[in-house]
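Heads up, the thing below is written out as structure tokens.
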Amino acid sequence: MFLTVHMPDGTTHRLEALEGWRVMEVIRDWGLPIKAECGGACACATCHVWVGEDWVAKLVPPTSEELEMLDGAFNVDERSRLCCQIIMAKELDGLEIELAPESLAEAPAERLAVGG
Amino acid sequence: MQANEASTDVIIVGAGPVGLFAVFQLGLAKLKAHLVDILDRPGGQCAELYPEKPIYDIPSVPVCTGQELTDRLIEQIKPFEPVFHFGEMAAALDKTQDGKWRLSTDLGTVLTAPVLVIAAGGGSFVPKRPPIPGIEAYEGSGVFYAVRKIEQFRGKRIVIAGGGDSALDWTVNLAPIAQSLTLIHRRPEFRAAPDTVGKMRALEENGLVKFEIGQPAALKGSDGKLEAVVVKRQDGSTFDLETDMLLPFYGLTMKLGPIANFGLNLNEDLIPVDTEKFETGTPSIFAIGDINTYPGKLKLILSGFHEAALMAQAAHRYVHPDKTLRFQYTTSSSELQRLLKVA
């Protein structure tokens, strides 16, 4: 199962993902610099991504809580999601997302081992 | 000594859960502490990010919210009478002639102590800056992230951006004194308290507030003087809002801030420490909680609590080099129970 991430610096990364993991966790655990300040609690807006047009309808729609937190993100549109609220599933194999600039960490996150 | 100067045993930067529990552990060692925090209340991330979110991994507390954890820590450390300096950012650090640390805040408070503890988590909470090219040029003249002096806004054309409590509160408070006030937000729903939203809607009906759906996309002006905000609608089209001031309220984000200039070794914005005392490479400066790093570090509140306990033992040696700290249990020591004001 794979995930394609476009970073604000123009680089693209194809990351192996595990079913049941939050997209934010997959990005963080591969060591890409994602801010994700609240750690996945839907309590900040620093894992804002734009999902590929074709994927918008395939995702579980955002909760009202996620929509509220998106008020703290910039350049929000219909492709905007907080990627801590997207859970990897078989149907999402190949998911393509772009990380919003404000969600870029200033320093790379610590790389942790990814199982599987 | 002036009113905004104080001398204490330990200065703690950060009043999050770990900074608060450090007061407890230092207190058992009869050390007094002053705490500095940029937020206006204790709790750090627990107060700012998770006040109502459940936390499940505090030993013996199956579930509590960030606010409950903060409230309980405040109650637990009350006997030790910590002194808080809220709404202040630790701005500069130097040494006094007699070798103590002197910490100055951005509001002019000066604290001196033989020991400094950095419990600053992910850094200072500062306002989010919209990713608008060239916005820095207008900050302080046409772009403001907070309202300090309300008179500065009298008679001005104002644009407020955002949908939370700060955006709505300031819309309601500034509308009566502004020449004009336009609130822009990406959608017709607001996160802010329903009561405040009702007040904004009433002002809108009276023509004192204009509401537009959209997000700030660009700024127009010259020589640091803001002239207009370019607003992007949901359909991608844009329009100009002529204005003197833009107040973006998109919440807070964490930045390491001036701690980076304290002369400490940093490893990707984290402070390396030993795992015996949680001391930094600079003697008598300790770092505990999310801000430190060491092999095997886990960013858990409980790890920070452990780090605070070991730090306090070492801090005692700096404050009282001539005294030995006898290790005691709160359950059995009448001395500790007196300190806790329970005996």
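The values are calculated or read from the model by the stated rules, or taken from the named source; none is laboratory data. Note that this is a predicted model, so its numbers are computed, not measured. Here the Cβ is made from the backbone with ideal geometry for all residues, glycine too, and neighbour counts use every protein chain on show.
Look at (1) of a type in the set (A, V, I, L, M); (2) touching a helix residue (DSSP H, G or I) at 6+ places or on another chain (Cβ under 6 Å); (3) in a strand (DSSP E or B) and you find that B:VAL159 fails only one, number (2). Screening A:ARG81 against (1) touching a residue at least 24 places away in the same chain (Cβ under 8 Å); (2) at the interface with chain B (Cβ under 8 Å from one of its Cβ atoms); (3) not in a loop (DSSP other than H, G, I, E, B) leaves a single unmet condition, (2).
For the condition touching a Ser or Thr at 6+ places or on another chain (Cβ under 9 Å) and at pLDDT below 95, what is the one hit in B:ALA6, B:ALA47, B:ALA33? Quick ask: steps written out before the conclusion?
Details: B:ALA6 fails: at pLDDT below 95; B:ALA33 fails: at pLDDT below 95.
Among B:ALA6, B:ALA47, B:ALA33, only B:ALA47 is touching a Ser or Thr at 6+ places or on another chain (Cβ under 9 Å) and at pLDDT below 95.
Taking the conditions exactly as written (more than 13 Å from chain B (Cβ to nearest Cβ), small (Gly, Ala, Ser), at negative phi and touching a residue at least 60 places away in the same chain (Cβ under 8 Å)), does A:ALA89 satisfy them or not? Break it down stepwise before answering.
Details: more than 13 Å from chain B (Cβ to nearest Cβ): yes; small (Gly, Ala, Ser): yes; at negative phi: yes; touching a residue at least 60 places away in the same chain (Cβ under 8 Å): yes.
Yes, satisfied.
When B:SER166 is tested against (1) within 14 Å of chain A (Cβ to nearest Cβ); (2) touching a helix residue (DSSP H, G or I) at 6+ places or on another chain (Cβ under 7 Å), exactly one condition is not met: (2). What do you reckon, is B:VAL117 assigned by TED's automatic domain parsing to the domain that holds B:GLU227 and outside any helix (DSSP H, G or I)? Judged against the criteria, B:VAL117 is not a match. Listed here are the strands (runs of 3 or more DSSP E) enclosed by region B:240-343 that have at least 3 residues being within 22 Å of the chain's Cα centre (by Cα): B:252-255, B:285-287. Might you check whether a residue that is farther than 21 Å from B:PRO248 by Cβ, modelled with pLDDT of 95 or more and within 14 Å of chain B (Cβ to nearest Cβ) occurs anywhere in region A:44-56? Yes, region A:44-56 contains a residue that is farther than 21 Å from B:PRO248 by Cβ, modelled with pLDDT of 95 or more and within 14 Å of chain B (Cβ to nearest Cβ).
Of the residues making up region B:263-297, those that are aliphatic (A, V, I, L, M), within 14 Å of chain A (Cβ to nearest Cβ) and farther than 20 Å from B:LEU73 by Cβ number 3.
Are any residues in region A:8-19 within 18 Å of A:LYS35 (Cα to Cα) and in a loop (DSSP other than H, G, I, E, B), and if so, which ones? Working first, answer last.
Residues of region A:8-19 that are within 18 Å of A:LYS35 (Cα to Cα), as a first pass: A:8-13, A:15.
Those that are within 18 Å of A:LYS35 (Cα to Cα) and in a loop (DSSP other than H, G, I, E, B): A:PRO8, A:ASP9, A:GLY10, A:THR11.
Restricting region A:20-35 to residues that are part of a loop (DSSP other than H, G, I, E, B) and in contact with a Leu (Cβ under 9 Å, 6 or more places away or on another chain), which is surrounded by the fewest Cβ atoms within 10 Å (Cβ to Cβ)? The residue in question is A:GLY31.
Take the residues of region B:37-59 that are acidic (Asp, Glu) and outside any loop (DSSP other than H, G, I, E, B): which is nearest to the chain's Cα centre (by Cα)?
At the first step, the residues of region B:37-59 found to be acidic (Asp, Glu) are B:37, B:40, B:48, B:52, B:57.
Still in the list and also outside any loop (DSSP other than H, G, I, E, B): B:37, B:48.
On the way: B:ASP37: 5, B:GLU48: 8 Å.
This residue is B:ASP37.
Selection of region B:180-212 for residues being in a loop (DSSP other than H, G, I, E, B), within 11 Å of B:GLY163 (Cα to Cα) and of a type outside the set (Phe, Trp, Tyr) yields B:ARG186, B:ARG187, B:PRO188, B:GLU189, B:ARG191, B:ALA192, B:ALA193. Quick check: anything in region B:182-204 more than 25 Å from the chain's Cα centre (by Cα), farther than 23 Å from A:GLU68 by Cβ and surrounded by fewer than 18 Cβ atoms within 10 Å (Cβ to Cβ)? So far as region B:182-204 goes, no, none of its residues is more than 25 Å from the chain's Cα centre (by Cα), farther than 23 Å from A:GLU68 by Cβ and surrounded by fewer than 18 Cβ atoms within 10 Å (Cβ to Cβ).
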